[in-house]
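A short worksheet on the structure shown next.
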């Protein structure tokens with residue numbers, strides 16, 4: 001599958017600053033792309049548009065030629081955010097986060113992903129406030145790795161973690177994307193990480209700076 | 001850590017026990033009052049105007065009616081009315097709040113306008129108007145109280161559903177292919193339930209006080225009913241003659257039952273939604 005942003009522009013409030021100004025971006029299955037830019041340059045916004053959470057003001061976000069936001073049912077593009085504590089329902093136990101993933105009854109697959117991410121059985125009976133941010137993020141990653149996921153968008157997913165845990169999670173994600181031929185978009189401030197993980201790195205430059213004045 | 005946990009558990013248990021005791025007291029008043037309905041109406045001129053004594057702890061009035069029986073019967077009537085009207089009110093609030101949040105902009109505008117309308121008019125004034133228009137009495141009070149108490153809870157539910165709809169975990173569930181029903185029952189219900197139950201219980205004291213006030217003002221229940229509002233307004237004529245017990249005990253009991261309902265509501269809120277205490 002091929003996911004592309006064509007000439008995408010976006011602003012959050014009417015008449016507000018253009019966060020994205022005619023941006024092009026492409027990622028295909030099996031490809032790992034890094035995105036880097038200083039804060040406030042619209043990296044997260046770009047991912048949200050690619051994942052279909054936001055509709056572009058101009059241009060299109062297409063998955064195999066069809067707008068991503070029009071996909072109904074399970075969306076082959078899944079995004080993992082940088083705030084795991086907002087991405088899970090605070091009133092439901094953590095096992096329900098895993099249950100929401102797309103496993104098609106394949107219990108072995110689910111278990112492989114859980115143990116690869118180092119998810120312990122005892123965490124599953126807890127509520128989100130009862131585990132750490134890193135533990136919670138593993139649940140969010142596992143949820144996004146369901147069988148029908150083809151392209152994974154990772155928005156600063158390990159920024160809040162210590163180096164050992166970062167290593168563990170990226171080691172697993174790298175193996176998983178290669179094994180399943182997933183497309184992967186990694187947003188990060190860390191050049192070292194992107195150089196280790198990705199085939200190519202895209203710098204988002206601030207063309208829109210001109211429009212601000 | 002373990003001692004902290006034990007203490008926390010113990011405190012939950014204590015709160016639960018106190019709330020249960022309060023509920024048991026209110027239930028006892030409700031049941032006793034409906035059993036004593038006839039005793040409360042019994043007149044006996046051989047025992048009129050007695051000050052509180054062992055046989056008649058709340059005294060008797062100018063027609064020789066036992067004030068204890070009358071107070072309990074009146075409270076019972078108030079509590080039953082309060083529960084009925086609070087439930088009707090909460091149902092209205094739930095339906096309107098939900099439809100405002102999910103049925104699009106026009107429905108939202110209409111419901112929000114109705115909420116502002118009801119909340120903009122002084123409560124008791126609107127209550128008197130509706131009760132009077134519906135012919136006073138039992139029917140007038142029930143309709144009046146039910147139609148005036150839904151607004152704040154409806155606003156709460158509307159806000160909560162709007163917030164939930166915009167929350168990342170609901171949007172993620174949509175991308176994971178989950179249907180509207182799944183999201184409503186698995187994601188929204190667990191968040192709405194504590195708010196709704198707490199709101200419902202906290203409506204009781206409001207409904208009871210407003211029933212008593214509208215009756216006291218003469219736009220509510222009819223004078224032959226042993227209602228707290230009727231008892232209090234009649235006692236006004238006799239206070240000047242030094243019969244303080246006619247107003248004091250029924251008034252205290254009314255305040256006590258309202259406070260108990262409030263206490264139960266807050267306890268339930270703390271037990272099922274501990275995080276909300278810090279909001």
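The values are calculated or read from the model by the stated rules, or taken from the named source; none is laboratory data. Computed from a prediction, not measured in an experiment: that's the story for all the values here. Because the Cβ atoms are built from the backbone with ideal geometry, glycine has one as well, and the counts that use them run over all protein chains shown.
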Original post:
Would you call residue B:82 touching a residue at least 24 places away in the same chain (Cβ under 8 Å), surrounded by 14 or more Cβ atoms within 10 Å (Cβ to Cβ) and either closer than 20 Å to residue B:228 by Cα or in contact with a strand residue (DSSP E or B) (Cβ under 6 Å, 6 or more places away or on another chain) (or both)?
Top reply: yes
**OP:** Among residues belonging to the range B:164-189 that are loosely packed, with under 15 Cβ neighbours inside 10 Å and under 28 Å from the mean Cα position of the chain (by Cα), point out the one that is nearest to the other protein chains (Cβ to nearest Cβ).
**Re:** B:189
Original post:
Counting only residues that are buried (at least 20 other Cβ atoms within 10 Å of the Cβ) and more than 9 Å from chain B (Cβ to nearest Cβ), which one in the range A:83-97 is nearest to residue B:167 (Cα to Cα)?
Top reply: A:84
**OP:** Tell me, please, whether a residue that is under 30 Å from residue A:124 (Cα atoms) and either away from chain B (no Cβ under 11 Å) or touching a helix residue (DSSP H, G or I) at 6+ places or on another chain (Cβ under 9 Å) (or both) can be found in the range A:9-22.
**Re:** no
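Check B:229, B:220 and return the single one that is closer than 15 Å to residue B:76 by Cα and more than 13 Å from the chain's Cα centre (by Cα).
None of the other options fit; the residue is B:229.
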Subject >> strands (runs of 3 or more DSSP E) enclosed by the range A:105-213 - at least 3 residues per element that are in contact with a strand residue (DSSP E or B) (Cβ under 9 Å, 6 or more places away or on another chain) and surrounded by 21 or more Cβ atoms within 10 Å (Cβ to Cβ) >> reply: A:151-155, A:183-187
Original post:
Is it true that residue B:106 is at pLDDT below 90 and either in contact with a strand residue (DSSP E or B) (Cβ under 6 Å, 6 or more places away or on another chain) or assigned to a helix (DSSP H, G or I) (or both)?
Top reply: no
**OP:** Test residue A:26 against the stated conditions and say whether it is more than 30 Å from residue A:133 (Cα to Cα) and in a loop (DSSP other than H, G, I, E, B).
**Re:** no
Subject >> residue A:78, sole failed condition from (1) more than 12 Å from every other protein chain (Cβ to nearest Cβ); (2) not in a helix (DSSP H, G or I) >> reply: (1)
